[in-house]
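The structure appears right after this line, and notes come after that.
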Amino acid sequence: MKALLHQSAIQFEHLFITSSEQALYQGMLTRQQLMAELEQYGYQLQATDSADPDLPVLHFSRNPLWQLLKEVSEQNSALRNLLEQVQRQQTESTLQYDALKHQAKHQEQTLKAELEQAKQQLAESRLKSDVLKQQAEQQEQALKEELEQAKQQLNESVLQTEALKLQFTEKKEEHKVAHAELTEKEALIKELLEKNKRIEAENLKIQQRQSLLVEELKSAEHQFLQLKQLIFKQSKSE
């Protein structure tokens, strides 16, 4: 039924359709349903022939402005759809813009923080570089002073070494002289020892002779005493 109404609505300006308040068979549209259906195609109820009160004939005619209204409505619907699409796109664009703006602001803040951090790191690096440069200069100066001191100590060591070599040479010569003198003295001592041994041997012989002489002297004194006593006895007896 709806398909037939659609074909009729496209071809005719006037429609005469029987209808009733109740559906008499399956698929039949009631009067109210029929009027609502035809209104969608621009038809309006003009008259009702109630010769048969059970199945009155309804006269519908199309509004001449309906096609224009339909076109305008379709245009309005299209414009409304386009407006909604544009509004959606604008909303999406706004959301994207806000997101990009937020992202850009976040990136800007991040870049500013990174730039500030980089500036701080650069300043710290420059400060460290200046400190390291100063330390390097101080170390270089200290090394130069140590090198100069080491050179001076080396020169002093060389001079001391040369002096020690000279002293060693002198001591070596003195040692040679002392060794020669010692050898000479040792020979002289040896000679003196030999001479002393000979003297001791002579002294021993002299002591032995003295002992013999003492014994002989004692014997002679004893004999002299005996002889003296004998003579005294002889003279006394006479």
Among the residues of the range 14-29, the number that are touching a strand residue (DSSP E or B) at 6+ places or on another chain (Cβ under 6 Å) and part of a loop (DSSP other than H, G, I, E, B) is 1
Identify, please: which residue in the range 56-73 is loosely packed, with under 13 Cβ neighbours inside 10 Å and outside any helix (DSSP H, G or I) and is, among those, modelled with the lowest pLDDT?
-> 64
Can residue 235 be described as loosely packed, with under 10 Cβ neighbours inside 10 Å and in a helix (DSSP H, G or I)?
-> yes
Can you find a residue in the range 186-204 that is in a helix (DSSP H, G or I), within 60 Å of the chain's Cα centre (by Cα) and modelled with pLDDT of 85 or more?
-> no
Which of the residues belonging to the range 37-52 are modelled with pLDDT under 85 and part of a loop (DSSP other than H, G, I, E, B)?
-> 40, 41, 42
Residue selected from the range 149-169 under the condition under 46 Å from the mean Cα position of the chain (by Cα) and among the hydrophobic types (A, V, I, L, M, F, W, C), by the criterion modelled with the lowest pLDDT = 150
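The values are calculated or read from the model by the stated rules, or taken from the named source; none is laboratory data. Small disclaimer: the values here were computed from a predicted structure and weren't measured. So basically every Cβ, Gly included, is an ideal-geometry build from the backbone, and we count neighbours across all protein chains shown.
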